[in-house]
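Laboratory data are not the source of any read-out in this text; all were calculated from the coordinates shown. Only a predicted model underlies this, so the values are computations on that prediction, with no experimental measurement involved. FYI the Cβ positions are ideal-geometry reconstructions off the backbone, even for glycines, and counts take in every protein chain you see.
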Amino acid sequence: MSAVENNGSDGLLPADRSVSELLLSLREGMLTARSAAEMAFERIRTCNGKINAFSTLSKTALDEADASDARLRSGRQRPLEGLPIAVKDMIDTRGMETGYGSAAYLGHVPSRDAAVVERLRREGAVVVGKTTTHEFAWGVTTESAALGDTLNPFDGSRTPGGSSGGAAAAIAAGAVRVGLGTDTGGSVRIPASLCGTVGYKPSYGAVPVEGVFPLSPSLDHVGILGVTVEDVSIIAEACGIDLSGLLADASPSFASAHEDAAVPAERAVALAFQAALDKVSSRYELLPARGGVVTSEAYEIFASTVRFEASAVHLMRHGMDFLRRYCSKETADRVAAAEGLTLSSYAAVQERRRKFNARLFGLFQEAEFLLLPTTPCIAPKRGTASVSIEWWDGSVREALMAYTCAFNLSGCPAVSIPMPHPALSMPVGLQIVGRPGSDGGLLRVAAALERLLCQARTSDY
C-alpha cells in the first residue's frame, strides 16, 4: 500500500500529527510504519530542495519500518515503534554516512550507533536521515562553503541558527516531527528560537555523548528538538530522562534573568519577552529580576574554554596540514590561533568558571526557574559576520550565544519554546532554565508556559 493510500483516516501526514498521535495511529493500525517513513522521505525531498536541511537519507529505514510493522501486527511493539526521527550529522549512525558537517569526512560511515541513537532504535524509532550542521558543530549559522548553507524556512535569506540548524529547519518545514541535536553553547536552543520550534538541552551528563564527535567535552550535551514540548518530552523519556519531576498541581516560581544583559535584546524581542513575563505573572509567582550574572561574563569564559578544548580535540586527530587541506578555513584558523594556549591559562579560565557557576546557582535560592529570551534578535541575514543591536555591536556568534552559553558552563537544563508577539517579523524563543537535575520539572513547566503563550508557528514549506 502506498503512502498516499494509507496516510491515516484523517488524511494527516505523519509530521502534522503530534508524536503521541502518530504513535497511537501506528498502534491502532490506522497508519503503517512504512507509510510513515515513506511520507517522511517525501517531505524531506520536498523541503531539502528549498532549505538544504538534510545531509544524508537512510537506505535502510524502509526495511526497519517493515520490521516495526511486523512487531505492531504481533503486539510486540516498543514505546517508539515506527516513529520517524532525524539525527544531527554530529551523531554517529551505524551504516549511515556521518560527515560531521565537514567535507573532510565525506563518505565516512560509522560501524556503530552513538549511545543515544542505539537507545532510541531499541525503543523502536526509525532514523530517516541526518540533518545538517555547522562544520564540527563549531558555529551558530549552519553555513558551509563546501556543502551549502541551510536556510531558514521562514525566510531563505536568513540563517536557521546553528549548529543544529538542519534539525530545527527540517522540523519547522514539516519534514519530521522530532530530531536529535547537540548543544555546546546553545546549538539546540538557538536554532529552535530562530525557526520557531522547541529545543531542549538536558542537564549535563543526563544523555550520553558516547559516539558524538566532541566539540568541547566539558560543555557538550545531546539535545532534542520538536514541534511541541510534549513531542520533545516523549523522546526525552525514551532517552532516559526522568519526567516525574514537578508535581502536576505544583505552582512553580520564576524570576527573570535578563536584566543588565551584556548584549541587549532588540526592541521586538524585548517587547515579546515583557509580554511573556506579564502572562507568566498572571498565573504564577514572578519574583524580582535577578539577572546580570547570567550574561555578564559567560561568553568570555565559554569562548576560552571552547578554544582550548576544541583545538585539543582536533589536534589529537590530525595535524594542521590536514586541517588546512581538508577542513574549512574557519576551523583551521581557530585551531591555529589556539596553538599557543597553555594549561595554566586553561586552569585560570576554569577557576573563573567555578566562581561564575557559584553566582549563577545562587539565582535559584528563591526562584525555581529562570526566564530570559533565547536569543537577543531574530535570525540574522546569511553571510553576515557582525550584528548591531541597540547600542551593542559585535559578532553574530557572540550575539546568538549571549543568553544560552551560561547554561552549558553550569550544566543547567534549559528549554526554548516559541515566544510569539505581533512586533516580531520572525520567530524567537523564550528560554526556561532549571537547576541541574530538574529536567522532569523543567519540561512540565515548559509545557505549561507553552500552553500559556500559544503554539509554535509553522512555515510555508
Helix-only [θ] at 222 nm, the chain, -39500 (n - 2.57) per DSSP H run of 4+, per residue, nearest 500, equals -11500 deg cm²/dmol
Multiplying the sequence separation of GLU42 and ARG325 by 0.36 nm and subtracting their Cα-Cα distance, what value in nm do you get? 98.2 nm
Hey, if you drop one equal point scatterer on each alpha-carbon of segment 5-147 and run the Debye formula without solvent, what base-10 log of I(q)/I(0) do you get at q = 0.16, 0.21 Å⁻¹? -0.84, -1.25
Would you work out the relative contact order for the chain, in percent, from Cα pairs under 8 angstrom that are 6 or more residues apart? 17 percent
Over the chain, how many pairs of lysines fall under 28 Å by alpha carbon, counting only those 8 or more apart in sequence or from different chains? 19
Pairwise over distinct Cα atoms, reciprocal of the mean inverse distance: report the Kirkwood radius of segment 216-349 in Å, one decimal place. 19.2 Å
Packing-ranked peptide list from 107-117, 90-100, 183-193, 259-269, highest mean Cβ count within 10 angstrom first, is 183-193, 90-100, 259-269, 107-117
Listing TYR346, TYR299 by rising number of other beta-carbon atoms within 10 angstrom, fewest first, gives TYR346, TYR299
Rounded to the nearest 5, what % of the DSSP beta bridges within the chain are antiparallel ones? 70 percent
Taking the Cα-to-Cβ direction at ALA303 and at ALA103 and moving 7 Å from each Cα, how far apart do the two end points lie in nm? 2.7 nm
